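Visitor: Sharing a structure with you now.
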Amino acid sequence: RLGDLPAGNYLFFPAAAAAQPQPGPTPQAELLTAKGVMLTAVPPIAVRGSPRRSNSKTKGAQRRTYSKLRSWPKFKEAMDALLDSLDDTTRRYRGIILPGPALSTKFNAAADESEVRGPMSLVSLIPNAVAEDMGLSMELVGGGSNRSASCIDWVVRKRAAEMQLALGSTPPRHERLDVQVCSDRIFGGLEIKGDWQWDLQEGEDPAMLPPERKVALEPAFQQLFGDMVMDEVPVGMISRHNVCTLVQRPRDVRDKALIVSPAIGLGQMLLACLLLLKLAHERQDWKPDLSRDLVPPTPTEGMDAGRSDSSPHQGHDPGSGQAAPGAAAGEADGGQPPAKRHKADAPGAQGKSGPGPGPACARAELVVVDAGSSGSNGSRANHGAPDTQGAFASPACHSHTQLPLYSFASVGFTGRVIGATRYGKVLQGAVGGVPAAIKVFDPRFRGAAEAMHHEWRVYEHLGSKGAQGACAPRLLLAGELYHTGALFLALSDEGRPLLDQGVLGAAEREELRKAVRGLHAAGVLHGDLRRANCVCSEGGVVKLVDFEASSILPLEGEDLGMVVALKDAEMAAVDAL
């Protein structure tokens, strides 16, 4: 019986949601009110006793681009008002038994971020169910499956039924640009961290911590800020499960402050998630005002002590979206040291063979320059400036290349997600009027910077052989995106993946062979030939993409016979697609 279980080792969800038989003991349904469920403490994640830590890293933009942390006014009153608003209608709820030994009272200690994200799948059931009973249109769901433009862990999404009512019909599942519909459904984001990444205790106000504590929390706040800007959302959360913090942005995008709640413990975790859903529901009309294109840039060295942001920061009432009277413009958060510059090591810097002959990309220093700069520094490499005929010259990758910062507007990001890769997303954009696929390498994925520089080097080689635009897209721009710290390659958009084409016809297969032969003639082995890495234009022209696993010939230590065999193997792979 549910009542016989020790307190704290189960969660509740509506009995109707448990229609399917569940293996193992099934607790009896219990009559509870929504208020009673919201006051149920979430079972904790056990704290690791071992000093070992996982390889998970929090890698937001290396420069802090939010201006400051600001305390959330009357946060406790907002939580109390939400609790008081819940009705006293009793509903039947079942308990969710925790995995592990019988009568376990804790989730197992987490060694990686994924093990912290897992319990959220259980926790989210409760606020989602209560929010639906309240008539709120939002739900908490995982951030995968291209549900948002960013690579955030969890999102606050408008329920599918609500979107179908707005659209009048259910959109087709496999339309290439249909993900825009999903992107428009996102109104909040959650970053999940381990206790080794987010050292905040219940009741602490992040905005009031001493400078050295703020610096330790800064990477996670910056990561969330970048994701919120990219997804154009007003609210967010950072959680390590046992403790979480709610975050909101002012409606005026010129004010880049983050308004943060005190750290919330397990006893009010469910109520905090419900408040997040409620705020997202109430602020749906903020989305047009939070356009990613309108968020001002930040000085290249980032926000630091003694320096105000280059954009005006008006005091702000987070509840109304209006500037607070008497608030000073240009507030900067004091006491924080400048952020470190980021240096991306190329594959060769980690003991791997470089992508090919010529200047190595090792330690390509991301010394940011204004994206609108003409590059007056004579040592600055070309990053895609138009040539005299108006066509784009392929940006070159050299040692100590200075990567400029680009806004989302400068790469024409439409908000649509074309697809996902190992290191991030492929976003729809345009550069100089040329339709583009913006391949984003998100810094939270280990090896992203190395992969970007390797692929950039391959495109540089293809450009030198005249193969760009023939067997592969043209490289239009290369750089770093404001606020997210993500590196990107802007490539000419050459059509739909063959993955979506069904059975290949004879003409398409011959076009694919032609593209592979052209790649080999340019001295490159693709290394990962599959349908997802082949695109086809409306005119039937096939080109190859995704050169993260490619090799530039000649391969060190390989004889001519081995190279011929590798080429033959790739041609045989075409027939197998």
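Visitor: Can you bin segment 416-538 into rounded, prolate or oblate? Criterion: square roots of the alpha carbon gyration tensor eigenvalues sorted a ≥ b ≥ c, rounded for a/c under 1.5, prolate for a/b above b/c, oblate for the rest.
Guide: Prolate shape, in that a/c is at least 1.5 and a/b is the bigger ratio.
Visitor: Let me ask something else about it. Efficiency by 1/(1 + (r/R0)^6): what FRET value for residue 537 and residue 114, r their Cβ-Cβ distance, R0 = 35 Å, to the nearest 0.05?
Guide: 0.35
Visitor: Full extension from residue 568 to residue 209: what is 0.36 nm times the residue separation minus their Cα-Cα distance, to one decimal in nm?
Guide: Roughly 123.0 nm would be gained on extension.
Visitor: Run the 1.4 Å probe and let me know the accessible area of residue 534, rounded to the nearest 10 Å².
Guide: Here the residue's solvent-accessible area equals roughly 0 Å².
Visitor: Right, another one. Full extension from residue 284 to residue 553: what is 0.36 nm times the residue separation minus their Cα-Cα distance, to one decimal in nm?
Guide: Net length gain for the segment: 91.6 nm.
Visitor: How long is the gain from residue 71 to residue 121 if the chain were fully straight, where each residue apart is worth 0.36 nm and the alpha carbon distance is subtracted?
Guide: 15.1 nm
Visitor: Just grab the label-to-label distance for residue 81 and residue 41, each label 7 Å out from Cα along the Cβ direction, in nm (one decimal).
Guide: In this crude label model, residue 81 to residue 41 measures out at 2.9 nm.
Visitor: In what sequence, largest accessible area first, do 531, 283 appear using a 1.4 Å probe?
Guide: Largest accessible area first, the list is 531, 283.
Visitor: Rolling a 1.4 angstrom probe over the protein chains, ignoring ligands and nucleic acids, what is the accessible area of residue 151 in square angstrom, nearest 10?
Guide: 20 Å²
Visitor: Modelled label-to-label distance, residue 422 and residue 496, 7 Å Cα→beta-carbon offset: nm?
Guide: It is 2.8 nm.
Visitor: Go ahead and run the numbers for FRET between residue 430 and residue 90, Cβ-Cβ distance against an R0 of 41 Å, rounding to 0.05.
Guide: Once rounded, the FRET efficiency stands at 0.15.
Visitor: Per-residue counts of other Cβ atoms within 10 Å, averaged by peptide: what ranking do you get for 425-433, 234-242, highest first?
Guide: The densest-packed peptide leads the list: 234-242, 425-433.
Visitor: Taking the highest mean first, how do the peptides 32-44, 437-449 order by number of other beta carbon atoms within 10 angstrom per residue?
Guide: The densest-packed peptide leads the list: 437-449, 32-44.
Visitor: Could I have the simple spin-label model distance between residue 133 and residue 291, label points 7 Å from Cα toward Cβ, reported in nm to one decimal?
Guide: 4.2 nm
The values are calculated or read from the model by the stated rules, or taken from the named source; none is laboratory data. Note that the structure is predicted; figures quoted are calculated from it, not measured. Note that each Cβ is placed from the backbone with ideal geometry, even for glycine, and that neighbours are counted across all protein chains shown. Note: accessible area is taken over every heavy atom of the protein model, side chains too, but ligands, DNA and RNA are not part of it. Shrake-Rupley method; radii C 1.70, N 1.55, O 1.52, S 1.80 Å.
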